[in-house]
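Down below is the structure, laid out as structure tokens.
Every number here is computed from the coordinates shown, using simple stated rules; none is lab data. This one's a predicted model, so the numbers in the text were calculated from it and none came from an experiment. Please note: Cβ atoms are built from the backbone with ideal geometry, for glycine as well, and neighbour counts cover all protein chains shown.
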Amino acid sequence: MATLSTNTRKQKEEDIERLVKCRLRSEIEARKAVESTMKRAVHEARELKKELVLLRQEKEELRLAARKNVVSAPGSGDKETARGGSVGSNRDNQTGKQGSNKAVELKLRQHIQHLTARNTDLETNTKELMQQVSDLEAQKAAEIAQLTADLEEKDREIASLQADLKKTKFAVDETKRKCQKMLKEKREEAQRALQEDEQLARCTKTLQSQLALLPQLKKQLEHAKEKRADVVEVWQKKLEQRDEAFLREEEANKQKLAEKAAQIVELADEKEQLQVKLEELERKLCDIDTNHQTELRHEAQRLAELESTTKELQEKLLAAETASREAEQAEIAARETQEQETRLRQLAEDAADAVEVRAEKAERDLAQAQLQLNRLEEALKARG
């Protein structure tokens with residue numbers, strides 16, 4: 001179960017990292033696309049500016065040519081009135097000038113058509129650029145919304161993991177308290193066993209002291225027998241006189257000796273029983289000590305495993321908090337990128353407006369040039 005939860009947390013962390021990387025890649029691609037689009041728009045604007053400059057130069061040239069033609073036309077009329085013989089040559093010159101004017105007019109019309117086509121292409125490119133910017137903004141807004149939803153989901157998962165971690169910490173603390181309680185009970189049992197062992201040792205010492213008195217009692221009995229043998233002759237007469245009393249006393253002594261012998265046998269049996277009990281208690285104590293040591297080792301291993309699990313959970317919690325902070329930073333970067341895209345879009349719109357203004361100005365200049373050309377044609381027709 002712990003392995004499964006660890007794998008789940010690792011998978012979630014990898015998902016968060018992958019989402020952050022995808023978000024960064026998409027932001028970089030969007031930034032590159034906007035930059036390339038802006039560069040292309042600026043380049044086209046510069047090209048249009050160059051074309052307008054060329055158009056103005058050609059316009060000035062046409063204006064100068066028209067002025068020259070207007071100036072040369074009255075001069076040719078005066079020469080016709082002054083020189084009647086050179087009419088044919090003047091007509092040839094006028095025909096050549098009309099041909100050159102037509103060539104200039106044709107060239108100007110071609111330039112006008114070319115500039116009109118370029119203006120149309122520029123408008124089309126501007127519309128496509130605006131459409132691409134709109135599509136890119138919509139795409140990035142959808143991606144940001146999706147990433148925000150994913151980040152919220154990951155935040156909820158992190159909160160769930162934190163709740164699970166709190167539950168696990170509570171379970172670990174509860175298990176630790178139970179283990180401490182069990183250790184305390186085992187120590188108390190071991191203390192009671194030691195007290196029983198000490199009590200058995202005291203009983204054994206008492207029995208040994210009683211057994212040590214047994215040879216002394218035997219010596220006293222032998223000494224009494226010797227003393228009795230010594231005083232037999234002395235007390236023979238008294239014994240004869242006190243035969244009945246002595247016999248009773250002798251029987252009483254025999255009975256006492258028999259009782260003492262029985263007591264000695266009972267003490268020996270009791271000693272053997274106590275010795276057996278002592279051996280059993282020693283075996284039990286040894287088994288208890290062995291079991292206690294084994295349980296202590298098991299408990300120490302469990303505590304070590306619990307501590308390592310707690311450390312791993314703490315490390316995972318720190319990693320999850322770090323991932324959450326990185327996700328927040330990525331969200332802030334996405335907002336900044338969105339603001340930058342808004343600024344770039346505004347710049348693109350301003351550039352498009354400027355291009356449109358320049359195009360309108362170019363159209364007005366073309367219209368004026370066309371009007372001047374028409375006037376020039378009318379003047380030439382009137383002169384011709």
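Some notes on this structure:
- Taking 23 Å as the limit for the C-alpha separation, the pairs 178/284; 181/316; 50/361; 107/361; 39/107 exceed it in the case of 178/284; 181/316; 39/107.
- Environment charge of residue 10, counting only residues whose C-beta is closer than 15 Å and scoring Lys/Arg +1, Asp/Glu -1: -3
- Neighbourhood charge, 14 Å Cβ-Cβ cut-off, centred on residue 185 and excluding it, Lys, Arg +1 and Asp, Glu -1: +3
- Structure note, pairs 167/311; 169/311; 12/154; 21/154; 12/32; 21/166: Cα-Cα distances above 19 angstrom occur for 12/32; 21/166.
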